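Step one of this worksheet: look at the structure below.
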Amino acid sequence: MINFRDITYLKEGTVRQKEAHKLLLELNIFELLKHFNPILVGTIPINIDIESSDLDIICQSDNHEELVKVVREKYGKLPEFEVKTIPSYKNLKTTIITFEYKTFPIEIFVQNKLPEEQDSYLHMLVEYQVLVKAGEVFRSKIITLKQQGLKTEPAFAKLLNLEGNPYEALLIYGFEKGYIS
């Protein structure tokens, strides 16, 4: 299993993963966010990204304003910088900070919840385990569905024949298979 807490695994990955690693180091973003428990999640860490995929970084903070201030001071002048706060998403205040740097859109997702317990991290773990077991043909099908406009979780739900809300169904599937606990 990849240690997703340490982005050095990207150095040995695909061309796009290596680009992401280099860019994240240039930004020094994990150092800047170290007090907020950052983890890179999404499609790039598990090699199912497409050209438009962003770098998703999840963080934990009970003081969203402090985190926003830190990020705004460092990256606020970058293209497409935007901050959105949702008072209650799954009963948690949620802040999403987006901006672009070179060839990557970047999204920082903040809740006062351990990153390892956030849905996006759990989804990635389930997807990673499915990809390891299902192999390259399955990976290619996921990428094709994503290129056709499907989001990641709905693409997995479709190929795994999961019913209902794909985001919830994938978590249930992950618990049932023992991929997450």
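The values are calculated or read from the model by the stated rules, or taken from the named source; none is laboratory data. Just so it is clear, the structure is predicted and the values come from calculations on it, not from any experiment. Reconstructed Cβ throughout: ideal geometry from the backbone, glycine too, with neighbour counts over all protein chains shown. Note: accessible area is taken over every heavy atom of the protein model, side chains too, but ligands, DNA and RNA are not part of it. Shrake-Rupley method; radii C 1.70, N 1.55, O 1.52, S 1.80 Å.
Only one of Ile180, Ile96, Ile108 is out of contact with any strand residue (DSSP E or B) (no Cβ under 9 Å at 6 or more places or on another chain), open to solvent by less than 40 Å² (accessible area, probe 1.4 Å) and either in contact (Cβ under 8 Å) with a residue 12 or more places away in the chain or closer than 29 Å to His64 by Cα (or both); which?
On the way: Ile96 fails: out of contact with any strand residue (DSSP E or B) (no Cβ under 9 Å at 6 or more places or on another chain); Ile108 fails: out of contact with any strand residue (DSSP E or B) (no Cβ under 9 Å at 6 or more places or on another chain).
When all the criteria are applied, what remains is Ile180.
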Requested in this report: Among the candidates Glu80, Glu73, Glu127, single out the residue that is surrounded by 20 or more Cβ atoms within 10 Å (Cβ to Cβ) and among the acidic types (Asp, Glu).
Outcome: Glu127
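Could you grab me the full set of residues in the stretch 44-55 that are surrounded by 22 or more Cβ atoms within 10 Å (Cβ to Cβ) and within 12 Å of Met124 (Cβ to Cβ)? Give the steps one after another, and end with the answer.
So the first thing to find is which residues in the stretch 44-55 are surrounded by 22 or more Cβ atoms within 10 Å (Cβ to Cβ), and the list is 44-46, 48, 55.
Hits for the stretch 44-55 are Ile44, Pro45, Ile46, Ile48.
So for the stretch 12-20 (the condition being more than 30 Å from Gln148 (Cα to Cα) and open to solvent by less than 70 Å² (accessible area, probe 1.4 Å)), does at least one residue qualify?
Quick first cut of the stretch 12-20, residues more than 30 Å from Gln148 (Cα to Cα) only: none.
Among the residues of the stretch 12-20, not one is more than 30 Å from Gln148 (Cα to Cα) and open to solvent by less than 70 Å² (accessible area, probe 1.4 Å), which makes the answer no.
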**Report entry** Members of the stretch 87-117 that are of a type in the set (A, V, I, L, M), out of contact with any Lys or Arg (no Cβ under 7 Å at 6 or more places or on another chain) and either in a strand (DSSP E or B) or more than 15 Å from Ile39 (Cβ to Cβ) (or both)
**Finding:** Ile97, Ile106, Ile108, Val110
Query - Tyr101, sole failed condition from (1) within 12 Å of the chain's Cα centre (by Cα); (2) within 22 Å of Asn28 (Cβ to Cβ); (3) not basic (Lys, Arg) - result: (1)
